[in-house]
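No lab work stands behind these numbers, since they all come straight from the coordinates. The structure displayed is predicted, hence computed values, not measured ones. Because the Cβ atoms are built from the backbone with ideal geometry, glycine has one as well, and the counts that use them run over all protein chains shown.
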Amino acid sequence: MKKIYMFTLLAVFSLIGYSQVTITPNPFEVDESITITLDINSSSSNCNGFSNPSKVYMHSGVGDSDNAFNISVVGNWGQDDGVGEMTNQGGGIYTITLTPETYFGLSASQVSNVVQMGIVFRNEDGTQELKANGCSDFIYEVGTFQMSLSAPSSNTSIVNSGESLNIEASNIGGPATYTLSANGTVIETVNFTSNYSYTDTNITENKNYELTASLNGTTITRSFSVLVDPGSNIGIMTQDYEDGINYLDDNTAVLVLYATGKDFVYLAGSFNNYQPDATYAMKKDPTRNNKFWLQLNGLTPGQIETYQYWVVDKTPLPNSPTLVKTADPYSTLVLSPWDDPYIPEASYPNMPTYPAGQEREVTVLQTGQTAYNWQVTDFEKPKKEDLIVYELLIRDFDTNRNFQDVIDKIDYFKDLNINAIELMPVMEYEGNESWGYNTSFHMALDKFYGTKEKFKELVDVCHQNGIAVILDLAFNHAFGRNPMVRMWMEDPDGDGWGEPSSDNPYFNQVALHTYSVGNDFDHSNPRTKDFVKRTLEHWIQEFKIDGIRWDLTKGFTQNCSASNEGCTNGYQQDRVDVLKEYADYSWSLDPDHYVIFEHLGTDNEEKEWANYRLDEGKGIMMWGIMTHQYNELTMGQDGDRNINRIGHNARAGYNGPRVMGYPESHDEERLMYKNLQYGNTSNSSHNVQDLNTALSRMSALAAVSIMVPGPKMIWHFGELGMEQSIFTCNNGTVNSQDDAIAGDCKLDLKPQPQWVNNWLTDAVRGQVYEDWSKLHKLKIEEPVFEGDYTMSSGNFTPRIDVFDTSIPTTELRNVIILANFDVNTQTVNTNFPAGVTTTWYDLMDPSGSTTVSNSTLTISIPAGQFRILGNQPSNALSIDDEILSLFAIYPNPTQSSFSINSNISDIEIYDLTGKKVKSFEGSFTKNDSFDISSLNTGTYIVRVKDNNNKTKTTKLVKL
């Protein structure tokens, strides 16, 4: 059996053995029975609270030279199912006996490629785990022929020009043949020895070495390298170039890197086959904060080039690496060896090829790019007061999960009458199926969604349809792939990943707030501020983005700690100041730019931003979460139903409507899901846990949320009554947010029933969509909704009065919104304001024929319905005769009652013999419900007459 083993020195260190784990026999072959023994009393690394487990499981795998788990893995993490369970021998000793070939179910071809075995130990539910020193996996070589490299001691050695490198190795299994190569050229071959030694002298160039040992058809390879210190390499930039890529012309680019505290940097790329010589040692400019820079000449216009920075610190901090290979922090396009192979060609056609033989992300450079031909160059943003923002996760919007899906559905948004789309993060994040808040490259688009040209097309198409585009930007934190984390990191296990070190200029080592996610940005540092501002400039100027929603702004302080909730939620002057500074910079680029903070904090701090530069027509919009209160209404339950804080009037010190209130967002459970799980069931004729009943209440939700003056937000597919839990897992099950074993599944891919089942054609869901669309149109087009309001809430029948006394009474200047979230019909007092009008018009009736006299003292509102009345009819909603000629009844089939999706006068119900069995006479709206509980089960004919005297007929099934 022939095997080829290839390891870097990084792997060698993890193969030398561990005191708490022994394997007998060792070394061993893949077809040999072995016993693995774990001593949990060992003083070695305890990675994640491994203490007195009732059971111990071995989660293990075998792999090739690249990965110890990539051929086969055995174990179901978090499951107490016996797979990998070890035998308790007493005294903290656990054992398991197995033959790798059979235990891992290996085929003959897989057996020939297995050279490593990886192990992690856990308790029965996966809440505790035991790893090796530095919290790395236990890794063991498989095979009785093994080689150890004792020199050099690191994967990359730094030498001065002319110095030497000692290379020493030994093997077990018998005398072997050793071959040493450098940069592809054989230096020496030695036969039949178990110990190898060589000194490479007078090194004047960077070298990549391979040392192979061969015995009986099996070859083991160790790879390592040497970098020559270029010494003093001072160079003054002729211009103040920006960090990242500076395109001078179609043949020339200057690359600039801020790498404070580093000794030298090589530029490795496709232009030098990733084998940089002295000409690619970057110059250091002491006049510009010791930035490293290099000019690339002779580039071919339009040709894709890729590159990395090889950043060297000759005297790193303890546990920090000497060499970090990283893509450019200011990359606008990166290639990933982990993510790119799984990106569909349809989403990103002709993706550049990741350079073979490299590791981690690389940056794409391309001169002579063709500029995008913008169709809209002077987009006029909707007024902040009129904003109806549609929060959208592209990944879960449609089947292909890309920018093109949104472009193809632009009519869906246009017909819904929203005027802004807020995209959850589309910047390059770790993995392909994320929500995007684990951003790694803030200026690069994630290729899973598509190309930059396609994204520009999306923005352009939105602008052509009067829709602004807002980006969600996560600048509280970044994760391990971020170059600014990796260049200054602690990496105790030497795997190339780590956490910020004490000399990191961008990140805190410990988060200074209680909402820690990833690595915490230090927004007091000028370098962080520069990076944030460059990122804003990129998205605003390159992509014509209309606004930024700033994620988790509570984390922008340096004054608190990870355990002090009171401090984090209290007023912090440094946070106020730095966020104003970022807002100022945004407005310097675009005076009408939308600035939105997800702060969810106290009014005394939020008012600082809400009122900031308001006299100039600016001011910062604040996210206003109201999920719990609105859900109590939609469920018909007796919790906190006070919805006053949906707008600015209940927020102390706010000047002007700057609260972007919302009943739903990506962070909270779906209202409809909770309606169906916990809705009021006390009235069998209006059971909120019935799907159609719960859906029918969602129109009233929009009426008492969207219509409050000021910007508002909806979460995608709320307008169709999406009932799918946000904790739905890939396998269709639903986990709770507190599920410690399987995870909460919040970030899992979600199915697309709204398109598969054509929800727009469903009578009830389609009606909700139509109602929301009409309400949006009223809100945007009628000036009164830019005025003021009063609200009475806390019970099942909230009332909102919207008014603008500067508008004459001959126009729409007063609006009254009444809703009933009880499960029974309620009689609501009208309390019409005196002296406004004698007749009030139902604004949801575009004909203006549905009216209420000013003398009317009460109005009867069916369960889950609403009324929106104005002193004048609205011109915003036009009558579409074709639509009125069609009508639908819902729910159908039904057990007790039904509604009709349009305003009608008379209703007659006939059985199949033609006998009239029930009738309703009067003037009815689509919000009315008709009781047929007295009818027998069967099929009936329903005939109605609309307000234009047109007769319509359809079938109804009574269950």
Quiz item: Whole-Hz Karplus ³J(HN,Hα) for the range 324-341, in order, using 6.51 cos²θ - 1.76 cosθ + 1.60 and θ = phi - 60°, x for Gly and Pro?
Solution: 10, 9, 9, 6, 6, x, 9, 4, 9, 8, 10, 10, 10, x, 8, 8, 4, x
Exercise. When a/c is below 1.5 the answer is rounded, else prolate if a/b is larger than b/c, else oblate, so apply that to the range 332-476 with a ≥ b ≥ c taken from the square roots of the Cα gyration tensor eigenvalues.
Key: prolate
Quiz prompt | Sorted by Cβ neighbour density within 10 Å, fewest at the top, the residues Trp374, Trp293, Trp488 | solution = Trp374, Trp293, Trp488
Quiz prompt | Degrees, to the nearest 10: 526-537 long Cα axis against longest axis of the chain | solution = 50
Quiz item: Quick one: Karplus J couplings for the range 59-65, per residue in order, coefficients 6.51, -1.76, 1.60, θ = phi - 60°, nearest Hz, x for Gly and Pro?
Solution: 9, 9, x, 10, x, 8, 5
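So how much slack lies between Thr300 and Leu248, counting 0.36 nm per residue of separation and subtracting their Cα-Cα distance, in nm?
17.4 nm
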Exercise. Of the listed pairs Lys383/Lys674; Lys618/Lys777; Lys447/Lys580; Lys554/Lys746; Lys291/Lys325; Lys409/Lys712, which have alpha-carbon separations greater than 29 Å here?
Key: Lys383/Lys674; Lys447/Lys580
Practice problem: Please work out the C-alpha center-to-center distance from the range 284-362 to the range 686-739 and express it in whole Å. | Solution: 43
Quiz item: Roughly what would the spin-label model give for Lys580 and Asn273, points 7 Å off Cα along C-beta, in nm?
Solution: 5.8
Quiz item: Where in the range 426-447 does the amide nitrogen come within less than 18 Å of the point 7 Å from the Cα of Ala346, taken along Cα to Cβ?
Solution: 433, 447
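Could you list Ser561, Ser54 so that the one with the fewest beta carbons within 10 Å of its beta carbon is first and the one with the most is last?
Ordered from fewest to most neighbouring Cβ atoms within 10 Å, Ser561, Ser54 come out as Ser54, Ser561.
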Quiz item: Helix 452-464 sits at what angle to the longest principal axis of the chain, using alpha carbons and giving 0 to 90 degrees rounded to 10?
Solution: 10
Exercise. Can you tell me how much longer the chain between Asp590 and Lys314 gets when fully stretched, taken as 0.36 nm per residue apart minus their C-alpha distance, in nm with one decimal?
Key: 95.0 nm
Self-check item: Least to most buried among Tyr57, Tyr342 (fewest other Cβ within 10 Å first)
Solution: Tyr342, Tyr57
Quiz item: Between Asn67 and Asn183, what FRET efficiency follows from the Cβ-Cβ distance if R0 is 22 Å, with the result rounded to 0.05?
Solution: 0.25
Quiz item: On a 0 to 90 degree scale, rounded to 10, what angle separates helix 763-781 from the longest Cα axis of the chain?
Solution: 90
Self-check item: Net charge of neighbours whose Cβ lies under 9 Å from the Cβ of Thr790, counting Lys and Arg as +1 and Asp and Glu as -1
Solution: -1
Quiz prompt | Prolate/oblate/rounded call for the range 244-365, Cα gyration tensor, a/c under 1.5 rounded | solution = oblate
Quiz item: What is the chain's relative contact order, in percent, from Cα pairs under 8 angstrom and six or more apart in sequence?
Solution: 6
Practice problem: Set the Förster radius R0 to 25 Å, insert the Cβ-Cβ distance between Glu433 and Asn564 as r into 1/(1 + (r/R0)^6), and round the FRET efficiency to 0.05. | Solution: 0.15
Exercise. Go through (1) 62, 34, 24; (2) 55, 33, 25; (3) 63, 31, 26 and flag the label whose value is the computed semi-axes √(5λ) of the Cα gyration tensor in Å for this structure.
Key: (1)
Quiz prompt | In Hz, Karplus ³J(HN,Hα) per residue of the range 153-164 (6.51, -1.76, 1.60; θ = phi - 60°; x = Gly, Pro) | solution = 8, 9, 5, 10, 9, 9, 10, 7, 4, x, 7, 10
Practice problem: Express in whole angstrom the spacing between the alpha-carbon centres of the range 142-172 and the range 60-83. | Solution: 30
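Fully extended, how many nm does the chain gain between Ser792 and Ala151 (0.36 nm per residue separation, minus their Cα-Cα distance)?
Full-extension gain reported as 223.0 nm.
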Quiz item: Using a simple spin-label model with points 7 Å from Cα along the Cα→Cβ vector, what separation in nm is obtained for Val190 and Thr95?
Solution: 4.0
Practice problem: Specify which residue in the list Tyr258, Ala169, Thr127 is farthest towards the positive end of the charge dipole of the chain, using unit charges on the beta carbon of Lys, Arg (+1) and Asp, Glu (-1), about the Cα centre. | Solution: Thr127
